[in-house]
Ligand code: C5P
């Protein structure tokens with residue numbers, strides 16, 4: 001089988017700005033998108049035009065700004081259907097609760113909503129609103145509908161809000177929005193509407209209050225895969241063991257320590273999962289019990305009694321309604337043989353094998369993978385973990401069963 005990268009970044013971005021106080025940040029976003037090489041056509045809703053002026057955006061984008069659907073001069077220059085066709089990407093930032101509701105309902109009652117309905121380009125929204133409005137059941141239902149339709153949801157961020165509240169609902173920073181949408185996409189939105197759950201890093205199995213059993217996994221590969229899945233348009237949940245890495249913007253992270261906690265965290269989100277990628281180096285064995293107090297150095301030898309920890313990957317693959325299940329196999333010898341055995345034993349859809357050792361894979365910036373699936377194999381050559389993760393995610397999106405890929 002041949003494997004070619006189809007990564008492209010959007011060059012023509014229709015930026016929709018809706019009515020909320022975060023609209024002022026959209027001016028900076030225009031700059032960031034243009035710095036990244038994109039042409040930007042701005043459409044303001046009437047609400048947005050009460051917060052910021054078309055003149056600001058015209059100066060920054062270098063193009064006339066459109067506001068109303070009934071603007072004769074604007075429609076004569078580039079009508080709403082032409083706008084919809086022109087765009088490689090429609091980005092709505094900030095997206096108000098009202099706009100998300102209108103988009104979810106398929107309304108065409110202003111220029112931006114009409115353009116969204118008329119475009120064949122991917123749509124991304126960066127919500128911004130009060131935390132209570134974001135948490136409202138109606139908003140969450142609208143977001144879910146939009147995700148299922150393949151709309152990419154960027155953020156929102158968590159923190160202090162213009163109204164004085166704290167919580168989720170802040171517009172992501174313009175630099176983050178720009179880097180998310182300008183990152184070369186894997187077939188623009190190859191995983192749009194999909195929920196990808198990824199485990200990463202090591203686990204720690206406590207021996208006593210100060211000691212634990214663990215391994216050399218840095219979590220870098222899993223984090224790179226999470227960023228690549230996000231760039232492919234997926235909603236990503238990253239269940240991470242103890243690692244020293246920053247969460248990729250837009251990825252939901254759940255921190256755990258032990259294999260048992262990782263098992264519980266994975267199973268609490270697996271119901272909505274379309275693709276499960278087990279990149280964590282989960283401890284195979286865990287101490288039968290954790291000593292209440294620090295174990296003292298009283299004997300020459302010490303016996304630790306270990307028991308098998310739950311196999312998270314195999315448990316996901318055994319689910320009745322199972323996602324597309326991808327495992328990793330880190331091996332020091334007979335890489336292909338061991339990985340193939342694991343693929344079959346754990347009933348996986350795909351396994352990514354790599355050779356590990358003192359100078360291979362762990363805590364390095366680059367890696368190579370051998371992909372094996374029932375009836376096939378594909379080598380992904382040595383490259384940076386970020387590039388490798390991109391190829392890996394693209395490969396997965398191409399192998400998803402038709403039922404999963406279909407609308
Ligand atoms: O059996 P082994 O640990 O070599 O298999 C590696 C794969 O299984 C990885 O994908 C790892 O994340 C997963 N695994 C797991 N739960 C375990 C052990 C491994 O999910 N307890």
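All of the numbers you see were taken from the coordinates with simple rules; none came from a lab. Source: prediction; values computed, not measured. Heads up, the Cβs are rebuilt from the backbone with ideal geometry, glycines too, and the neighbour counts pull from every protein chain shown.
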note = Taking a ≥ b ≥ c as the square roots of the Cα gyration tensor eigenvalues, with a/c under 1.5 meaning rounded and otherwise prolate when a/b beats b/c or oblate if not, segment 195-406 comes out prolate
ask   = Roughly speaking, what % of Cα-Cα pairs in segment 1-110 are separated by over 18 Å, rounded to a whole number?
value = 51 percent
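Quick one: if you take sqrt(5λ) for each eigenvalue of the C-alpha gyration tensor of the chain, what semi-axes come out, biggest first, whole angstrom?
For the chain, the ellipsoid semi-axes come out as 44, 23, 18 Å.
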inquiry  = Of all beta bridges DSSP finds with both residues in segment 195-406, what is the antiparallel percent, to the nearest 5?
reply    = 40 percent
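In what sequence do 263, 24, 276 fall when counting other Cβ within 10 Å, fewest first? Don't jump to the answer; show the numbers that get you there.
Details: 263 21, 24 15, 276 27.
Neighbour counts put them in this order, fewest first: 24, 263, 276.
Taking 8 Å as the Cα distance limit and 6 or more residues as the minimum spacing, I'd like the relative contact order of the chain as a percentage.
Numbers: 887 pairs, mean separation 49.1, N = 407.
Relative CO of the chain lands at 12 percent.
In deg cm²/dmol and to the nearest 500, what is the mean residue ellipticity at 222 nm of the chain if only DSSP H runs of at least 4 residues count, each as -39500 (n - 2.57), divided by the residue total?
Numbers: 16 runs with 140 residues, N = 407.
Using -39500 (n - 2.57) per qualifying helix, the result is -9500 deg cm²/dmol.
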inquiry  = Please rank 179, 397, fewest neighbouring Cβ atoms within 10 Å first, as an exposure proxy.
reply    = 179, 397
request  = Given the peptides 198-204, 388-394, 25-31, arrange them by the average over their residues of other C-beta atoms within 10 Å, most packed first.
outcome  = 198-204, 388-394, 25-31
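Regarding segment 292-379, what whole-number volume in Å³ per residue does the convex hull of its Cα atoms give?
Per residue, the Cα convex hull of segment 292-379 comes to 189 Å³.
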request  = Report P(r) for segment 156-291: all Cα-Cα distances, bin width 5 Å, range 0 to the bin holding the largest distance, values in whole percent.
outcome  = 2, 10, 17, 18, 17, 14, 10, 6, 4, 1, 0
ask   = Which shape class, rounded, prolate or oblate, goes with segment 12-182 when its Cα gyration tensor gives a ≥ b ≥ c as root eigenvalues, a/c under 1.5 marks rounded, and past that a/b bigger than b/c marks prolate?
value = prolate
Ordering of 33-41, 220-228, 277-285 by burial proxy (mean other Cβ atoms within 10 Å per residue, highest first) = 220-228, 277-285, 33-41
task = Compute the separation of the alpha-carbon centres of segment 25-100 and segment 306-322 and state it in Å as a whole number.
result = 49 Å
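Could you give the semi-axes, largest first, of the ellipsoid that matches segment 50-101, computed as the square roots of 5 times the alpha carbon gyration tensor eigenvalues and rounded to whole Å? All intermediate terms of the calculation are to be shown ahead of the outcome.
Values: eigenvalues 68, 50, 32 Å².
In descending order, the three semi-axes are 18, 16, 13 Å.
Give me the percent of DSSP beta bridges within the chain that run antiparallel, rounded to the nearest 5.
Details: 22 of 64 bridges.
So the antiparallel bridges in the chain amount to around 35 percent.
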task = Based on the mean of other Cβ atoms within 10 Å per residue, sort peptides 380-386, 350-356, 231-237, 251-257 so the most packed one is first.
result = 231-237, 350-356, 251-257, 380-386
Segment 127-200 and segment 205-279: distance between their alpha carbon centers, rounded to Å = 19 Å
